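Here is the structure we will look at, set down as structure tokens.
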Amino acid sequence: MTAAEPADSYYQIRPECTDVPNTRFKIKPGKTLSVRKWQAAFTQEGFLDIGKTLSRIQRGGIHPSIRGEVWEFLLGCYDPKSTFEEREQIRQRRRLQYASWKQECKQMFPVIGSGGFITAPVITEKGQPILDPLVLQETNLERHNLVSLSISSIMIIGEDSDFFKELESRGPLDKKVIQWMLTLHQIGLDVNRTDRTLVFYEKKENSSKLWDILALYAWIDNDVGYCQGMSDLCSPMIMLLEDEADAFWCFERLMRRLRGNFRSTGRSVGVEAQLTHLSTITQIIDPKLHHHLENLGGGDYLFAIRMIMVQFRREFSFCDSLYLWETYGQMMWGLEYDPEMYSLYEEPEFEGERTEGSSKGKPKSIKQCGKYERENMKNGGKSNAEGPLPISVFLVASVLKDKSSKLMTEARGLDDVVKILNDITGNLDAKKACAGAMKLHKNRPRNSTGEEP
């Protein structure tokens, strides 16, 4: 029998990064979805047997060499009932749409698509250009060899630069343009911090690609725009899908599921409902821990917000987090798969509000759904007003229960709680944690109508 193959070689770590957690996920022949099994899942016309594919993914994840193209189906980019020809037409149409949006952004801010990105503010909140030396270096002025010049010389060049002359010549900027341009440097700062241990990001062009996609998404998503954490979600897409437009659409489909987490006001955060459910679940499964956290001032469970926002990207190694996403995670790409997702996402296509929530179409085949979605259907559809609870809520509860003793004895304040949870980075067993989450979900409390409280 062929031995399991480590997956680390597909996501190389920079040699100087010696404290990176080891990957636990292994490619297991007969369990992991292989290239051969994936290709055999299609008919001659291109129809995909999604039921068998999901079953294989839930047993052993996806082989890294085909992960990108499989994700396109799991995230709803393509309909499994479409043909090869139909998908190619959709792909080309989307690439043209992406190119059009990118050109629109490039006309407003020429650094888009230039191979670079910025990490310092370029305008004030009133829309006035900021002549900062770092900005001047980053806004395509390398031809002046600024590294060898003094700050005063850089400022003189900046005042004469085409970029700033163009910006000033436009007159008062539209409010939407100002808000967008104010986020560009924050995106750049986050890009610089995202997956820095990977060899992939030693090439600036890859970091630039990540910045371009996030900047473009911030422009077209009028409601949410860009928020910290999105770079962690987008990074795997550009590593797995060679074409930038394809990576963008994969990320956009992911955000259809998760953008509610990033929607916030001055009084609430997007994941507030999930944190409330987490509090309720913890109170039931471990009342002493819940009481202890409340006494420490953590009854709102905001200390768990990062786990939910960035989908455990920082609690597991890069490779393990991808395995978690496609097999167990909140996105529940395998377990929560809904065959109506493609039709639901295609209809609005950026016209007005993006669609979120459950679909309303023809009755779907339970065999084509993921395990978690099948259970939800058997329970009569939605389990509460916001739809079924994402499994990640139970995953966090499982982690808290596993660390209950340590939290009870060592946490004397919220800072201790955060430190204990941060210390688990790279030391979590994905399968064990997820098995605990599924057990909690199966035994979750229900009211007299069978709904979750």
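The values are calculated or read from the model by the stated rules, or taken from the named source; none is laboratory data. Being a predicted model, the structure only gives us computed values, none of them experimental. When we count neighbours, we look across all protein chains shown, and the Cβ atoms used for this are built from the backbone with ideal geometry, even at glycine. Each accessible area value is taken on the protein alone, full model and side chains, heavy atoms only, with ligands, DNA and RNA left out. Shrake-Rupley method; radii C 1.70, N 1.55, O 1.52, S 1.80 Å.
General remarks:
- Taking 0.36 nm per residue of sequence separation and removing the Cα-Cα distance, the Glu88/Ile130 pair yields an extension gain of 10.7 nm.
- Legend: calculated FRET efficiency, Ile420 to Glu5, from the Cβ-Cβ distance at R0 = 35 Å, rounded to 0.05, equals 0.55.
- Pairs beyond 32 Å (Cα-Cα), from Lys81/Lys204; Lys175/Lys419; Lys26/Lys401; Lys102/Lys431; Lys31/Lys419; Lys288/Lys431: Lys81/Lys204; Lys175/Lys419; Lys102/Lys431; Lys31/Lys419
- Between Asp243 and Asp19, residue separation times 0.36 nm minus the direct Cα-Cα distance comes to 77.5 nm.
- Translational diffusion coefficient (Stokes-Einstein; Kirkwood radius from C-alpha pairs) of the stretch 9-49 at 10 °C, 1.306 mPa s, in µm²/s: 118 µm²/s
- Ordering of 71-82, 389-400 by burial proxy (mean other Cβ atoms within 10 Å per residue, highest first): 389-400, 71-82
- Loop-located GluC sites (Glu not before Pro) across the stretch 194-281 with a Cβ neighbour count of 15 or fewer within 10 Å are Glu242, with loop assigned by DSSP.
- Label zone at Ser114, where the point sits 7 Å out along the Cα-to-Cβ direction: the stretch 201-228 residues whose backbone N lies under 18 Å: 204-216
- Within the accessible area of the stretch 235-285 (1.4 Å probe), percent carbon and sulfur: 45 percent
- Label point distance in nm, Lys431-Gln97, each placed 7 Å from Cα along Cα→Cβ: 4.0 nm
- Only protein atoms count toward the accessible area here, which uses a 1.4 Å probe; on the stretch 1-138, the carbon and sulfur part of that area reaches 51 percent.
- Amide H partners (placed H, <5 Å) of Arg24, local residues excluded: Asp320
- The stretch 399-437 and the stretch 92-132 have their alpha-carbon centroids 41 Å apart.
- Cut-off 16 Å, label 7 Å out along Cα→Cβ of Leu302, residues of the stretch 387-427 by amide N: 413-419
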